[in-house]
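Reading through the structure tokens given below for one structure.
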Amino acid sequence: MGFWGSFVVCRSEAPLDGLSAVIERHDGMQEHWRRAGGRAGGWQVGQYSGPDLADDASALVAELAGETGAPALTGFVLDSDAVHVEGFSVAGGHWKACLVREATEAYCEDDDEDFDAEFPSAEAAAHTAAAWASEAGRTPDLPGLVEVFAQEDSDLAEELLFRLLDELGV
């Protein structure tokens, strides 16, 4: 059985587990990483088990962006097979995408949502994610983003999320 849970990504000098947007929704971080950040340092990633953060991801990323003053992103991993990615920035607003599209679609079969409307194509997702990264002061790699969003196989989908962060320049 793979990992079920969320990764929360934000830029803040305050510890991630001390931000009220996260504390109000979850009682404990499993793991924590600080990412190399250059001139726009302070990027953090927290790993949280279970669906608690995913159930309210849209509000979470918006509140994190408000609390930290920087764009925020989450990735909800479904059994290490697929990832629902949600991001928010002040200028760009809320956006969604997925990693390992075919597996994500299989998990969403019972939803009454239009999958293609909810999760844009790899090309469209890459452009939206690149705009998010640019607003965050990062220099994204657009061809690399398209490649990550288009990838259809992965032993651990959460590894693709970390590759996505690399391509975003986070």
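For this structure, a couple of remarks:
- Candidate set: segment 17-53, residues that are under 14 Å from the mean Cα position of the chain (by Cα) and modelled with pLDDT of 90 or more; chosen: the one nearest to LEU168 (Cα to Cα): TRP43
- Listed by first and then second residue, the pairs linking a residue in segment 130-148 that is in a loop (DSSP other than H, G, I, E, B) to a residue that is basic (Lys, Arg), with Cβ atoms under 7 Å apart and 6 or more places separating them unless they lie on different chains, are ALA136/ARG11.
- Of all residues making up segment 1-30, the number that are of a type in the set (D, E, K, R) and under 15 Å from SER58 (Cα atoms): 2
- Restricting segment 131-157 to residues that are modelled with pLDDT under 95 and farther than 22 Å from HIS94 by Cβ leaves a set whose member that is surrounded by the most Cβ atoms within 10 Å (Cβ to Cβ) is SER154.
- Considering (1) at pLDDT 95 or above; (2) surrounded by 19 or more Cβ atoms within 10 Å (Cβ to Cβ), the lone condition that ARG163 does not fulfil carries the number (2).
- Hey, ALA14 modelled with pLDDT of 90 or more, of a type outside the set (Asp, Glu) and outside any strand (DSSP E or B) or not: no
- Take the conditions (1) outside any helix (DSSP H, G or I); (2) modelled with pLDDT of 95 or more; ALA62 misses just one of them, which is (1).
- ALA70 fulfils the conditions (1) among the small types (Gly, Ala, Ser); (2) surrounded by fewer than 21 Cβ atoms within 10 Å (Cβ to Cβ); (3) out of contact with any Cys (no Cβ under 8 Å at 6 or more places or on another chain); (4) under 27 Å from GLY50 (Cβ atoms) except for a single criterion, (3).
- Listed conditions (1) closer than 22 Å to VAL61 by Cα; (2) of a type in the set (Gly, Ala, Ser); (3) in a loop (DSSP other than H, G, I, E, B) are all met by ALA124, apart from (3).
- Unique match (being more than 28 Å from THR104 (Cα to Cα) and either out of contact with any strand residue (DSSP E or B) (no Cβ under 8 Å at 6 or more places or on another chain) or surrounded by fewer than 22 Cβ atoms within 10 Å (Cβ to Cβ) (or both)) among SER49, SER80, SER20, SER58: SER20
- Residue within segment 52-64 that is of a type outside the set (Gly, Ala, Ser), touching a Cys at 6+ places or on another chain (Cβ under 9 Å) and touching a residue at least 12 places away in the same chain (Cβ under 8 Å) present: yes
- Residues within segment 92-121 that are over 21 Å from VAL8 (Cβ atoms) and either in contact with a strand residue (DSSP E or B) (Cβ under 7 Å, 6 or more places away or on another chain) or surrounded by fewer than 20 Cβ atoms within 10 Å (Cβ to Cβ) (or both), tallied: 16
- Residues within segment 124-158 that are more than 12 Å from the chain's Cα centre (by Cα), under 13 Å from VAL100 (Cα atoms) and acidic (Asp, Glu), tallied: 4
The values are calculated or read from the model by the stated rules, or taken from the named source; none is laboratory data. Keep in mind that this is a model prediction, so the values were computed, not measured. Positions of Cβ are generated from backbone atoms using ideal geometry, with glycine treated the same way; all protein chains shown enter the neighbour counts.
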